[in-house]
1. Please give the number of the condition Ala108 fails out of (1) assigned to a helix (DSSP H, G or I); (2) free of Cβ contacts under 8 Å to residues at least 24 places away in the same chain.
2. With modelled with pLDDT of 95 or more and under 27 Å from Ala140 (Cα atoms) as the only criterion, which of Leu21, Leu41, Leu56, Leu102 stands out?
3. Only one of (1) surrounded by 14 or more Cβ atoms within 10 Å (Cβ to Cβ); (2) within 23 Å of Val13 (Cβ to Cβ); (3) not charged (D, E, K, R) is not met by Ala91, so which one is it?
4. Which residues, counting only those in the range 100-126, are open to solvent by less than 30 Å² (accessible area, probe 1.4 Å) and either more than 12 Å from the chain's Cα centre (by Cα) or closer than 13 Å to Tyr15 by Cα (or both)?
5. Give the residues of the range 16-31 that are loosely packed, with under 13 Cβ neighbours inside 10 Å, in a helix (DSSP H, G or I) and not acidic (Asp, Glu), sorted by residue number.
6. How many residues does the range 32-68 hold that are open to solvent by 50 Å² or more (accessible area, probe 1.4 Å) and of a type in the set (Val, Ile, Thr)?
7. Go through Met1, Met74 for me and flag whichever is touching a helix residue (DSSP H, G or I) at 6+ places or on another chain (Cβ under 7 Å), within 28 Å of Ala140 (Cβ to Cβ) and in a loop (DSSP other than H, G, I, E, B).
Amino acid sequence: MRITDVLLGEHGVFYAQFDYLERTVPGALSLPQVQAQAAMLAAALLPHAKVEDDILFAAVEQSLGEQAGPTTAMRSDHHYIESALERAAQAHSLSEAQEGLLRAIDIARDHFWKEEQIVFQLADNELGEDALNDLGAQWAAQRGVMAAASAWSF
């Protein structure tokens with residue numbers, strides 16, 4: 001399984017979470033409620049970013065060298081998302097937590113679009129099928145899941 005396919009699948013799950021949070025966070029009634037929602041999103045989103053940084057972006061950068069500029073921007077986006085989630089976690093008011101969480105979602109949506117339209121396409125074109133599958137196996141190992149080929153052999 002290609003790493004770009006599995007990361008795209010993770011994006012699909014995040015989009016559902018983003019939609020839910022964008023509907024519910026503005027009407028939240030308590031600071032702890034919003035901070036719990038931010039913590040739940042961070043628990044999934046930050047490991048996703050780490051996989052991208054450590055596995056996919058590193059491979060693209062190794063392959064393209066100086067021409068791997070898009071990955072620099074993606075790493076920067078990861079930092080901004082993490083900062084916004086941290087702002088929500090450390091907020092002293094409900095409105096500050098809401099703003100931080102919704103800002104993280106806004107940045108992540110834009111970030112995912114750039115990955116899907118630019119970085120994943122770049123990786124698909126530059127790394128080749130075997131490398132993408134090897135990176136997918138690294139994703140599975142890091143995530144603690146079995147690769148599809150071995151998981152369904154009866």
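1. Result: Ala108 passes all but (2).
2. Values: Leu21 fails: under 27 Å from Ala140 (Cα atoms); Leu56 fails: modelled with pLDDT of 95 or more; Leu102 fails: under 27 Å from Ala140 (Cα atoms).
Answer to the selection: Leu41.
3. With (1) surrounded by 14 or more Cβ atoms within 10 Å (Cβ to Cβ); (2) within 23 Å of Val13 (Cβ to Cβ); (3) not charged (D, E, K, R) applied to Ala91, the lone miss is (2).
4. Gly100, Leu101, Ala104, Ile105, Ile107, Ala108, His111, Phe112, Val119, Phe120, Ala123, listed by residue number.
5. Correct list: Ala16, Tyr20, Arg23, Thr24, Pro26, Gly27.
6. 0
7. Being touching a helix residue (DSSP H, G or I) at 6+ places or on another chain (Cβ under 7 Å), within 28 Å of Ala140 (Cβ to Cβ) and in a loop (DSSP other than H, G, I, E, B) holds for just one of Met1, Met74, which is Met1.
The values are calculated or read from the model by the stated rules, or taken from the named source; none is laboratory data. All of these numbers come straight from a predicted model, not from anything done at the bench. Note: ideal-geometry Cβ built from the backbone for every residue, glycine included; neighbour counts use all protein chains shown. Side chains included, ligands, DNA and RNA excluded: accessible areas come from the protein's heavy atoms. Shrake-Rupley method; radii C 1.70, N 1.55, O 1.52, S 1.80 Å.
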